[in-house]
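First comes the structure, then the notes that go with it.
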Amino acid sequence: MAKWIEGNGQYKDVVVSTRIRIARNLDNYRFPHKMSVEESERLTQEILDVMKNIPSDVSYKFYKINALTLTDRIAYIEEHLISPGLIQKPDHSSFLLRDDEKATIMINEEDHLRIQVLLPGLNFEEGWNGINQIDDFLEGYLEYAYDDRFGYLTACPTNVGTGLRVSAMVHIPCLSMIGHVDDMIRGFNKIGLTVRGIYGEGTEAAGDLYQISNQVTLGEDEEEIIRKLKNVIYQIINKERYVRDDLLKKKRYEIEDKIFRSYGLLKYARKISSKEAMKHLSNVRLGKEMGIIKDMEFKQIESLMIEIQPGSIQRIFKRELDDNERDIMRAKHIREKI
Amino acid sequence: MLCEICKKNQATVHYTKIINGKIEELNVCEECAANSGEFSFDNPFSFHKLWTGLIEGFHDNKQKQSVDNLTCSFCGLDYSQFRKTGKFGCSKCYEVFEDQLVPLFKGIHGHDKHEGKVPIRANKKVANERKIEKLKVRLNELVQKEAFEEAAKVRDQIRELEKSLGDNRE
Ligand SMILES: [Zn+2]
Ligand SMILES: [Zn+2]
């Protein structure tokens, strides 16, 4: 189970997780896409040297991308511990993972440093405090690229300023059932928010999960960025809850039927694709959210949503599996967990 | 990232398509984006739109040429490359392209000035304070030895460090 899923968080009936990340770069090095392997190694070493000074009650493990198998690389992405961008240039990139798996320091992604804190439920305050602490610590030892006018300087102009991306992953099956998601996304785009599938750029919205994040990083301070996003997330929570109540009142049998069919299917299927599994897990999660399914925990469902992904399922069974085998092993794994 | 249509140029237009609640991200180059009728540029963060706006801002070709030739001496990136890839090569590029960046940032973020966290250089401050203490001890020694020329140098160093501490306190 991905460790970060453990722990308390608010509004778990709608918000799966909160993620905050900042982009930081060092002066006197070219940005990662311009770097030689040797230069990237020098920078990595500088950061590792700094990490020797962390307080003794925290510890991080260091992973080089090119030392991981392809399966492991993908599994880390599926667990949301690293971003897809980190494995594009394996000889340049690495990451430090805190032992509670709630914080990752990525080295040489698009920027020299991408620091992320990942928490279950809605938890922007703890997330921002966590990020801030790591940032203050690193800043004490590193020469950050910072400009009084433009703020923290980043490889891409879309991150300049605070370098801050705050996002919440929401589960909104009922809003999607009544066809409100398209409108909602369009509205969000207008106010400077982006909506993506669960694995960031280039992924589809599987399992009615959407990641909503700020787009503007320059000209607004961190608190303001967080406050704005939080307000929008509260609106989503209220709307989704309202539609759930309404559906339960008007179509209780249909909803229960849908949920228990998915539950039964997951419990007995002998072969299942990740797409199909996500769809039914989403229904089961809705069952849990509505209080219809009582013998499963949120963290169990969340873990399954990760574990059934192609990389993770191969890691669980400790070998490479082809498409057909994966579908069989996936069904087996789900049966064992439900 | 390469353009998903021609698979040749760098993708600088990142476009979100939404069909029945399904999100599809498309990453294409400016050319393919312009050639394809499928893309509407409602997305306020489309690079294509931003760059186009910037190019139109030039008075003439000569001015565009001279901007395109602006080159960062640290990483070697020139402005025409920046326009193609949408990525800076290093933090010094910001100084070199500074005049061009204000309209670009306004287009992306609606602002051109950072509001937010300022590095506190917390540990560095402590390190500087320690350095000053050490230098003061040394200064005393030198004065007692009547090595005034050396002492003057050390005194200047202390002043310099104290000034930088003062600046950081603002
Ligand atoms: Zn193209
Ligand atoms: Zn440069």
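Select from segment A:28-135 those trypsin sites (Lys or Arg not before Pro) which occupy a DSSP coil region and have at most 13 other Cβ atoms within 10 Å, ordered by residue number.
For trypsin sites (Lys or Arg not before Pro) across segment A:28-135 that sit outside H, G, I, E and B with at most 13 neighbouring Cβ atoms in 10 Å, the list reads A:LYS52.
Close amide-amide hydrogen proximity is noted between A:SER17 and A:GLY121, A:MET169, each under 5 Å apart and 5 or more residues distant or on a separate chain (H modeled in the peptide plane; Pro and chain starts excluded). Here, P(r) means the percent of Cα pairs in each 5 Å bin from 0 to the largest distance; for segment A:257-338 it is 3, 17, 30, 25, 14, 7, 3, 1.
Between the amide H of B:LEU2 and those of B:ALA11, distances stay under 5 Å, these residues lying 5 or more places away or on another chain, with hydrogens modeled in the peptide plane.
Taking loop as defined by DSSP and a crowding limit of 15 other beta carbons within 10 Å, which trypsin sites (Lys or Arg not before Pro) in segment A:262-338 fit? Provide the component values of the computation, followed by the final result.
Details: sites: A:LYS267, A:ARG270, A:LYS271, A:LYS275, A:LYS279, A:ARG285, A:LYS288, A:LYS294, A:LYS299, A:ARG315, A:LYS318, A:ARG319, A:ARG326, A:ARG330, A:LYS332, A:ARG335, A:LYS337; in loops: A:ARG270, A:LYS271, A:LYS294, A:LYS318, A:ARG319.
Loop-located and lightly packed - A:ARG270, A:LYS271, A:LYS294, A:LYS318, A:ARG319.
For segment A:3-241, the fraction of alpha-carbon pairs lying more than 33 Å apart is 16 percent, rounded to a whole number.
Taking the longest Cα principal axis of chain A as reference, the axis of helix A:298-307 is set at about 70 degrees. Derived scalar couplings between HN and Hα for segment A:228-241 equal 4, 5, 4, 4, 5, 5, 4, 4, 4, 4, 4, 5, 4, 5 Hz in order, rounded to whole Hz, by the Karplus curve 6.51 cos²θ - 1.76 cosθ + 1.60 (θ = phi - 60°), x for Gly and Pro. Each Cα pair under 8 Å and six or more residues apart adds its sequence gap; the mean of these over the residue count of chain A is a relative contact order of 21 percent.
Of the residues B:VAL102, A:ILE134, A:ILE20, the one whose Cα sits farthest towards the positive end of the charge dipole of the protein assembly as shown is A:ILE20 (charges of +1 on Lys and Arg Cβ, -1 on Asp and Glu Cβ, taken about the Cα centre). Relative intensity of the protein assembly as shown on a log10 scale, I(q)/I(0) at q = 0.08, 0.09, 0.11 Å⁻¹, equals -0.57, -0.71, -1.01, per a Debye sum over C-alpha point scatterers of equal strength in the absence of solvent. Taking the longest Cα principal axis of chain A as reference, the axis of helix A:181-190 is set at about 20 degrees.
Per residue, the solvent-accessible area of chain A (1.4 Å probe, heavy atoms of protein chains only, all protein chains present) comes to 41 Å². With contributions of -39500 (n - 2.57) from each DSSP H run of at least four residues, the per-residue ellipticity at 222 nm computed over the protein assembly as shown stands at -15000 deg cm²/dmol.
In degrees, nearest 10, range 0 to 90: what is the angle between the Cα axis of helix A:124-139 and the longest Cα principal axis of chain A? That works out to roughly 20 degrees. Counting only Cβ charges, +1 for Lys and Arg and -1 for Asp and Glu, the dipole size of the protein assembly as shown around its Cα centre is about 1360 debye.
How big a patch of accessible area, both sides summed and in Å² to the nearest 100, lies buried between B and A at a 1.4 Å probe?
Counting both chains, the buried surface is close to 4400 Å².
Filter the GluC sites (Glu not before Pro) in segment A:288-338 down to the DSSP loop ones having no more than 11 other Cβ atoms within 10 Å, then list what survives.
Values: sites: A:GLU289, A:GLU297, A:GLU302, A:GLU307, A:GLU320, A:GLU325, A:GLU336; in loops: A:GLU297, A:GLU320.
Passing sites in segment A:288-338 are A:GLU297, A:GLU320.
Of B:LYS64/B:LYS84; A:LYS288/A:LYS337; A:LYS190/B:LYS7; B:LYS62/B:LYS84; B:LYS8/B:LYS84; A:LYS89/B:LYS84, which sit over 24 Å apart, Cα to Cα? The answer is A:LYS190/B:LYS7. In segment B:63-86, burial by the other protein chains removes 50 Å² or more of 1.4 Å probe accessible surface, compared with the chain on its own, from B:PHE74.
Using a probe radius of 1.4 angstrom, the carbon and sulfur fraction of the accessible surface of the protein assembly as shown is 48%. By the rule of a C-alpha distance below 22 Å, with chain neighbours fewer than 8 residues away ignored, the lysines paired with B:LYS134 are B:LYS124, B:LYS125, B:LYS145, B:LYS153, B:LYS163.
In square nanometres and to one decimal, what's the mean projected area of the convex hull around the Cα atoms of segment A:1-134? Over all viewing directions, segment A:1-134 projects a mean Cα-hull area of 8.4 nm².
Using θ = phi - 60° in the Karplus curve 6.51 cos²θ - 1.76 cosθ + 1.60, the 3J(HN,Hα) couplings for segment A:152-166 round to 6, 8, 10, 5, 10, x, 6, 10, 5, x, 7, x, 9, 10, 10 Hz; x is entered for Gly and Pro.
The values are calculated or read from the model by the stated rules, or taken from the named source; none is laboratory data. Worth saying up front: this structure is predicted, and the values here are computed from it rather than measured. Every residue, glycine as well, gets a Cβ built from its backbone with ideal geometry; the counts of neighbours run over all protein chains shown. To get the accessible areas, we keep the full protein, side chains included, count just its heavy atoms, and leave off ligands, DNA and RNA. Shrake-Rupley method; radii C 1.70, N 1.55, O 1.52, S 1.80 Å.
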